[in-house]
Amino acid sequence: MTERTLVIVKPDGVQRGKTGDIIRRIERKGYCLVALEMVQATETILREHYAELVEKSFFPEIVSYMTESPVVAIIIEGENVVEGWRSLMGTTMPTQAAPGTVRGDFGRDWPGNAVKNVVHGSDSPASAEREIAIWFPNLA
Ligand code: IDP
């Protein structure tokens, strides 16, 4: 089934010059880029995007990580892209993510800080539609 999902290249990915490599991996897999924007995240947008995490003790660290510098928000499309991008991206903790995944290859985490894992990917088709509406209100 053709679906869309939201990819975010997080500030550490942009700062370290990984955006091009990440897009190359997406295209190599055969997914299409539908929309792409470089944007400075705000606490307001992050409270919506990470609504399930707002009450967590580490939420302030997520806000400071994600607002450090601009991110690149991307809508991609393809067959089973939600699950497919989650598998290209790798698991949350970079130290546990498999080599060959974006997080496994580029991620790192620092004790006491947010987990800096380079990219975001929606966790279900419903989350993807919800998140696309947050980051691309004109396209939803
Ligand atoms: P996901 O990005 O792999 O779907 P989530 O559990 O939805 O993982 O967490 C969202 C983001 O919050 C993670 O990608 C990571 O940057 C950050 N995060 C998750 N768990 C922790 C934690 O225990 N401490 C600090 N930051 C975390």
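Starting from 0.36 nm per residue, how many nanometres of slack lie between Leu53 and Arg86 once their C-alpha separation is accounted for?
Length gained, Leu53 through Arg86: 10.0 nm.
Where the only charges are on Cβ atoms (+1 Lys, Arg; -1 Asp, Glu), what is the dipole of segment 1-77 about its Cα centre, to the nearest 20 debye?
Details: 10 positive and 12 negative charges, 82 e Å.
Charge dipole, segment 1-77, about its Cα centre: 400 debye, nearest 20.
Could you tell me which residue out of Thr19, Cys32, Ser127 lies farthest along the dipole of segment 2-139 toward its positive end? Charges go on the beta carbon: Lys and Arg +1, Asp and Glu -1, centred on the Cα centre.
About the Cα centre, the residue reaching furthest to the positive side is Thr19.
State in Å² the accessible area per residue of the chain; use a 1.4 Å probe, count heavy atoms of protein chains only, and round to the nearest integer. Intermediate values should be presented prior to the final figure.
Details: 7150 Å² over 140 residues.
Computed with neighbouring chains in place, this is 51 Å² per residue.
For the chain, what relative contact order do you get, as a whole percent, if you take Cα pairs closer than 8 Å and at least 6 residues apart? If you can, show how the numbers build up before the last one.
Values: 246 pairs, mean separation 49.8, N = 140.
This gives 36 percent for the chain.
Run the accessible area of segment 2-139 with a 1.4 Å probe and give the carbon-and-sulfur part as a rounded percent.
Here carbon and sulfur together make up 50 percent of the probe-accessible area.
Decide, for segment 66-140, between rounded, prolate and oblate: order the square roots of the alpha carbon gyration tensor eigenvalues as a ≥ b ≥ c, take rounded if a/c falls under 1.5, and otherwise choose prolate if a/b is larger than b/c, else oblate.
Because a/c hits 1.5 or more and a/b fails to exceed b/c, segment 66-140 counts as oblate.
Run the 1.4 Å probe and let me know the accessible area of Thr67, rounded to the nearest 10 Å².
It works out to around 40 Å².
Rg and Dmax in Å for the chain, alpha carbons only: what are they?
Calculated on Cα positions, Rg and Dmax stand at 13.9, 40 Å.
Mind checking the dipole of the chain: about its Cα centre, +1 per Lys or Arg Cβ, -1 per Asp or Glu Cβ, Debye to the nearest 20?
Once rounded to the nearest 20, the dipole reads 440 debye.
What is the distance, in nm, between label points placed 7 Å from the Cα along the Cα-to-Cβ direction at Leu139 and at Cys32?
Label at Leu139, label at Cys32, 1.2 nm between them.
Which order do peptides 77-84, 13-20, 114-121 fall in by mean Cβ count within 10 Å, highest first? Could you put the intermediate results ahead of the total?
Working: 77-84: 17.4, 13-20: 15.9, 114-121: 22.5.
By packing density, highest mean first, the sequence is 114-121, 77-84, 13-20.
The values are calculated or read from the model by the stated rules, or taken from the named source; none is laboratory data. Being a predicted model, the structure only gives us computed values, none of them experimental. Heads up, the Cβs are rebuilt from the backbone with ideal geometry, glycines too, and the neighbour counts pull from every protein chain shown. When the accessible area is computed, the model is the full protein with side chains, heavy atoms only, and any ligands, DNA or RNA have been set aside. Shrake-Rupley method; radii C 1.70, N 1.55, O 1.52, S 1.80 Å.
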